[in-house]
Amino acid sequence: MIKRLFCSISKNNKIINDPPKLSLIKDTIYNLSSGVGKSGVAIIRVSGPQSETVIKKLTKKDVETNNNNNNNNNNNNNNNNNNNNNNNNQIIKARYATLSTIYNPKTNEQVDKGMFIWFPSPNSFTGEDVVEFHIHGGRAVIFETMEAIGSIEGTRPSEQGEFTKRAFENGKMDLTQVEGLSDLLDASTSFQKKIALKQMQGSISEFYLSLRKDLIRASAYMEAFIDFGDDAELDPEIVEQSKNGIISIRDKIQQHLNDGRRGERLRDGANIAIIGPPNAGKSSLINLLTNRKASIVSPIAGTTRDIVEVILDIDGYPVIIGDTAGLRNSTNDQIEIEGIEMAKDRFNNSDIKLFLFDSFNLFKQYTEINNNNNNNNNNNNNNNNNNNNNNNNNNNNNNNNNNNNQKNENNNINNQNEEIRNLFNFIDNQTIIIFNKSDLLKQFNNLKEWEIIKLNLLENIKKSNNLNTIQSIEISCNNNENIKDLLNLLKLNLKNLFEIQDKESPLLTRLRYKQHLNDCVESLDRYLYYCEHDIVLASEELRSAILSISEITHSVNIDDLLDIIFKDFCIGK
C-alpha cells in the first residue's frame, strides 16, 4: 500500500518540515491468529518491513540489558562497558522462541510476559519479515498488546485473509494451496482434514502442473513444426506424435472430471435420506444415530411433516442425514401430502437411502394374507359341500354373507399390500433396506416363516427393480440391536462414495477447477479437429488449453478471484 506522508503547517500557514512525499514502503500488518476469546495462550502475528522494529520496541531488549549492567557498574566499569556493547548488539536468533517482557512503547508500561519467534524473510509464512508473539490469552492482555503494536508507525490491523494473500503474492503458495488452507480451516471431519492438508501441501498443484508441462511440450513441438518445419526439415511425424500425446492428456483430464461428485460431497457432505411407511421407526433411528432427540417420536402416524436434517461425522466422512415424512396413500391431510412429496424428492436426490420397514407389521400383514388365502380355500370347499348336500336357501344366504365379509377383509389387506408394493418402486442400488423392530418378532413362534418371507421379499424387489445387488439388515431401535452393524454398512457405502481408485488423481473439491478443466478439454477437442485441417489454428487451441489449466493454480484475471477466495479466511490468517 502506498502512503502519503503529510508535512506539518504552522498557524501562519508556513511549512515547518519538508513537502509531502510518497512512501512506497508496504504496511506492516498484525492481528490475532489464534481463536477469539479467553484462552491459555494467544498468538499475535505481525508481517511486514516493520516487524523487526516491533520486536525492538515491544521487548526493549537494549533497555532491559542496560539496567542489568548498570547494577554492576560500581564493581567493574570496564567489564560493564564491554557487556553493554555486547547486549545492545544482541542478535535475535531466527525461529527460536525467546522469553521476554512485553512493553507498551509509548507508556513504557509492562503489558505481559511471554515469548516471541522471529521469522526473517523469505523463510516465513508470508515471505516477509514475520514475528509471532505468544502471550497470555486474557482479553485485556490481547487488547493491550495489539494496541502497543498499533502505536508503531507503519503498522495496521490486517484485513480478512491478508496474511495468506501476501503469502500468495510472494510466491509461497499458489491458488490451489490457498484454497486447501481454507478447506483445512473449515474441516470438521478427519477425511476433510486429510484431503485439505494434502491439497495445501501441493497435491493438486503437482497434478495440474504435470498436465500443463505435458501440454507445453506438445505445443512446443507444434510451434517448432510451424516455424521451422520446412527450413529445418522436421519430420511431419512430430505432429502425429503431438496428437497422440494430446489424446492421452485429454483422456486423463476427462477421467479426472468423472469423479462422481466425490469432491463436492467432501466439502458439502453426503446426503442420506431415511424413508419408509409411517411408524416404521425413522425418527427413532435418526435420534439413535445423533445420540440426541433430533426428531419427535410418536405412535401417531404422520407426525413428521418437514425434513429434519442433522449433520454427522461417520468414520471421518461428512454426512447430512434427513428424517422424512412417512410414505402412504391413505391420507387427506394436505400438509402431510406435501411432506410426502418432499420426502420422495429428497429420496431421489440422496447419495444413500435408508429404507425402513416395520418388520413386525410386515410379518403380521403377510401372515394375515396367507391365512385368509387358506381360509378362502377352506370356505370354498365347505360351500361346495353344503350346496351339494343342502338345498336350503337359508344356508345359501349365510354362505353369501360369509363370502362378502371375507371379500371385505381381503380388500383391506390387498390395499395394504398394494401400498407396500408401491414403496418398493423407490428402492435402487444405493438403498439399504432396514427391517426395524426385530425385537417384536420374538413373540412369534414361526420365525423361520419370517426368514422365508423376508428372503422372498428381497428377491422380488431385486428382480422387479433390476438391481445388481441388494443391501439389507435387521435392527431394533428399541434395544439398539445391530446398530453397530448398520453403522459399519454405512461406513462401507460412504467409503465407496468418497474414496477414488486412482491415487494419482486428486479430488475435485472446487467448481472452479471443473470449469477450467472443461474449457481445457473443449480446446483440446478443437485442437484434434483442426489438426486434420489447419495446423496453425490447432496450435492456437493448444495455447488456449494451456491457459485454461494454468488458471487453476495462477489465475490470469486475479483480482476478482482473490477477493472471493480470501474473504472466507479469518482475520488472523
Suppose each label sits 7 Å from its Cα in the direction of the beta carbon; what would the residue 169-residue 459 distance come out to in nanometres?
7.2 nm
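Within a Cβ distance under 9 Å of residue 263, other residues only, what is the Lys/Arg minus Asp/Glu net charge?
Local net charge: +4.
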Relative contact order (percent) for segment 94-209, with alpha-carbon contacts under 8 angstrom and 6 or more residues of separation?
17 percent
Among the listed pairs 344/454; 448/495; 193/462; 252/344; 38/106, which have their C-alpha atoms separated by more than 32 angstrom in this model?
448/495; 193/462; 252/344
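Sorting check: for 208-218, 432-442, which peptide has the highest mean count of neighbouring beta carbons within 10 Å, and how do the rest follow? Can you show the working numbers first?
Working: 208-218: 18.5, 432-442: 20.4.
Highest-to-lowest ranking by the protection proxy: 432-442, 208-218.
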Two-site label geometry, residue 247 and residue 518: point separation in nm, points 7 Å out along Cα→Cβ
2.6 nm
Per the Kirkwood formula over distinct C-alpha pairs, the hydrodynamic radius of segment 468-524 in angstrom is 15.1 Å
Quote to one decimal, in nm, the extra length available between residue 511 and residue 345 on full extension: 0.36 nm per residue of separation minus the C-alpha distance between them.
57.3 nm
Round to the nearest 0.05 the FRET efficiency obtained for residue 220 and residue 554 when R0 = 22 Å and r is the Cβ-Cβ distance.
0.65
Expressed per residue, the solvent accessible area of segment 94-190 in Å² (1.4 Å probe) is about 45 Å²
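With the Cα gyration tensor of segment 91-234 in hand, convert its eigenvalues to equivalent ellipsoid semi-axes via √(5λ) and list them largest first in whole Å.
Details: eigenvalues 438, 79, 33 Å².
Ellipsoid semi-axes (Å, largest first): 47, 20, 13.
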For the residue pair residue 151 and residue 38, what label-to-label distance in nm results when each label sits 7 Å from Cα along the Cα-to-beta-carbon direction?
2.6 nm
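The values are calculated or read from the model by the stated rules, or taken from the named source; none is laboratory data. Owing to the predicted nature of the structure, the values given are computational and were not obtained by experimental measurement. Here Cβ is always computed from backbone atoms with ideal geometry, including for glycine, and neighbour counts include all displayed protein chains. Please note that ligands, DNA and RNA were not included when accessible areas were found on the heavy atoms of the full protein model with its side chains. Shrake-Rupley method; radii C 1.70, N 1.55, O 1.52, S 1.80 Å.
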